[in-house]
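Since the structure comes first, as structure tokens, the remarks are kept for the end.
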Amino acid sequence: QTEFKENGSRKKNIVILGSGWGAISFLHKLDTTKYNVTIVSPRNYFLFTPLLPSVPSGTINIKSICDSVRTIARQTPGEVTYLEAIATDLDPTNKTVSIEHKSQRFNIGDAFTNDSEPIETTLHYDYLVYAVGATVNTFGIPGIYEHASFLKEANDATAVRQKLFNQIEASRLLPKDSEDRKRLLSFVVCGGGPTGVELAAEIKDYIFQDLSKFIPGIENEMSVTLIEAQHNVLSMFHPRLIEYTKDVFKQQGLNLQTDTMVKKIDDKNVYAAYRHPNGKTEDVVIPYGTLVWAGGNAQRELTKKLASKIVEQQTARRGLLVDEYLRLDGGDQIYALGDCTFTQNPPTAQVAHQQGVFLAEHFNKQSKIEDLKYEIDSTTEESKLNKLTQRLKRLEKKDTPFEYIHQGALAYIGSERAVADLSWGDWSTVALGGTMTFFFWRSAYVTMLLGIRNKIFVVSDWLKVAIFGRDCSQE
Ligand code: FAD
Ligand code: NAD
């Protein structure tokens with residue numbers, strides 16, 4: 001990386017932590033010729049999470065929704081250094097980040113498997129862009145880490161698929177009337193947010209549309225259960241779409257257990273409390289073969305560590321506190337975005353993406369301001385000086401705060417049907433559900449996918465499934 005800009009002034013160091021929606025949207029829009037940019041993340045690819053629930057069923061190949069960070073970096077106009085490492089600590093006073101590289105496989109819950117000594121170093125930043133996302137919230141429920149799978153990272157999705165196959169194959173050694181066989185063929189998802197709903201719907205499709213052709217009769221033996229603590233699934237959607245989703249689930253034979261709060265999990269059962277309409281609770285036991293926990297987000301250890309070092313963050317329980325320019329409250333030149341923050345906006349890819357774009361535009365403008373100031377300092381000619389000063393004033397005036405524009409929410413609910421809560425500005429919201437919405441859902445995602453390579457891969461995955469069905473072999 002070159003130390004200086006074209007005009008001779010020193011380039012400032014931006015360190016970006018993360019390679020998810022917030023970080024990559026920021027990198028995409030940043031004029032990387034104006035800064036020394038280093039991106040640090042244990043994940044050397046961007047993961048298009050909206051299609052992750054389609055991976056365990058084999059509708060989408062995991063590689064189709066991953067895009068290499070280095071490829072993305074190469075597409076920016078300047079030089080970007082990518083370091084495959086995890087940030088382990090931050091020193092907001094001295095503006096440093098401690099990072100370490102381990103031989104690793106990125107897993108949920110900040111857990112890394114490593115078999116070699118980590119290599120550590122420290123980076124200095126002028127600006128820190130903190131976009132490490134969130135981890136899964138287990139609410140301290142016993143047994144989740146030991147027995148459940150998750151759906152947060154790429155390898156979570158492939159692990160769910162493997163588990164499903166293993167349980168199906170194991171069940172086939174047992175007699176048809178065996179309780180254990182029934183259990184092994186029971187796929188249970190805990191958490192009726194969009195992650196849980198989409199995954200349950202995809203698995204149900206898979207059983208009915210494809211597995212049933214390879215293992216005749218399995219569709220009558222396998223069950224898919226979705227457990228949700230609240231009265232409704234997809235609580236952020238329009239009530240009409242919630243009812244529509246419930247109807248579709250009923251038609252599909254998907255077992256929806258709302259008002260059911262999971263309390264404990266062991267290697268075979270989920271223990272929960274069902275709340276009757278009269279308010280009384282009853283203990284229920286739900287046996288499972290494959291279990292996926294989709295209970296929502298919690299802050300990463302690093303985020304908690306950072307918050308603990310800053311007085312203004314002491315009340316930050318659900319995420320870092322930032323102002324309307326995404327500046328970390330109490331942080332010197334630290335910006336935070338995406339799921340690691342707590343704002344009035346939901347923790348979604350849409351929000352993280354818009355924040356990333358906003359922040360990049362802010363930095364691009366900031367660089368222009370600094371360039372102008374540098375020129376002003378080295379100019380003596382009166383008329384030029386006036387012009388430059390006017391330009392500087394105009395640029396400085398343009399600083400507008402971040403404003404989230406909600407474009408709506410989409411979710412796949414199975415049997416080629418989706419629900420969509422769409423909004424166009426403040427004046428119109430539309431709640432749609434059905435097959436047309438499904439095609440809209442697909443086209444929206446193809447448009448959103450970052451590169452042409454991913455678009456081609458995803459469309460060809462869908463085509464392959466339409467022509468040949470989903471793959472039923474275990475990788
Ligand atoms: P992430 O995208 O999670 O990225 C965090 C990055 O930080 C990762 O690269 C991670 O490797 C890295 N990291 C972690 N720890 C460290 C560390 N210590 N040091 C350095 N780097 C670190 N939202 C929607 O709007 N629409 C959808 O359809 C949708 N579908 C989803 C489906 C699923 C299955 C899931 C799990 C989420 C979905 N979301 C959706 C939510 C969306 O994915 C998140 O809101 C979004 O990813 C948040 O972006 P982020 O940049 O904050 O975090
Ligand atoms: P979520 O927070 O939206 O839903 C988690 C669900 O788990 C909640 O409904 C909660 O009531 C339930 N739950 C928690 N503890 C429970 C317990 N003990 N027993 C039973 N149920 C319990 O989480 P998510 O679905 O992972 O979504 C996370 C974020 O990502 C959200 O902001 C969501 O909007 C976004 N997302 C969006 C899409 C989409 O737009 N299609 C898809 C996936 C995720």
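The values are calculated or read from the model by the stated rules, or taken from the named source; none is laboratory data. Given the structure is predicted, the values throughout are model-derived calculations rather than measurements. A quick note on method: Cβ atoms are made from the backbone with ideal geometry, for glycine too, and the neighbour counts reach across all protein chains shown.
Figures for the structure shown
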read-out: Every residue from region 232-262 that is in contact with a Pro (Cβ under 9 Å, 6 or more places away or on another chain) and more than 16 Å from ligand 1 (Cβ to nearest atom); value: 232, 259
read-out: Where residue 24 falls short, out of the listed (1) surrounded by 24 or more Cβ atoms within 10 Å (Cβ to Cβ); (2) in a loop (DSSP other than H, G, I, E, B); value: (2)
read-out: Boolean, residue 365 is loosely packed, with under 15 Cβ neighbours inside 10 Å and either among the basic types (Lys, Arg) or in contact with a strand residue (DSSP E or B) (Cβ under 9 Å, 6 or more places away or on another chain) (or both); value: no
read-out: Qualifying positions in region 55-66 - crowded, with 16+ Cβ neighbours inside 10 Å and either more than 14 Å from the chain's Cα centre (by Cα) or aromatic (Phe, Trp, Tyr) (or both); value: 55, 56, 57, 58, 59, 60, 61, 62, 64
read-out: Residue check, residue 73 within 23 Å of the chain's Cα centre (by Cα) and surrounded by 21 or more Cβ atoms within 10 Å (Cβ to Cβ); value: no
read-out: Residue in region 179-194 that is of a type outside the set (S, T, N, Q), surrounded by fewer than 17 Cβ atoms within 10 Å (Cβ to Cβ) and closer than 23 Å to residue 266 by Cβ present; value: yes
read-out: Test: residue in region 308-323 that is in a loop (DSSP other than H, G, I, E, B), among the acidic types (Asp, Glu) and not assigned by TED's automatic domain parsing to the domain that holds residue 264; value: yes
read-out: Output for region 34-47, where each listed residue is surrounded by fewer than 24 Cβ atoms within 10 Å (Cβ to Cβ) and either over 20 Å from residue 123 (Cα atoms) or within 16 Å of ligand 2 (Cβ to nearest atom) (or both); value: 45, 47
read-out: Pick from region 290-306, criterion β-branched (Val, Ile, Thr) and not in a helix (DSSP H, G or I), ranking: nearest to residue 187 (Cα to Cα); value: 290
read-out: Given (1) in contact with a Ser or Thr (Cβ under 8 Å, 6 or more places away or on another chain); (2) under 22 Å from residue 303 (Cα atoms); (3) among the hydroxyl-bearing types (Ser, Thr, Tyr), number of the condition residue 412 does not satisfy; value: (2)
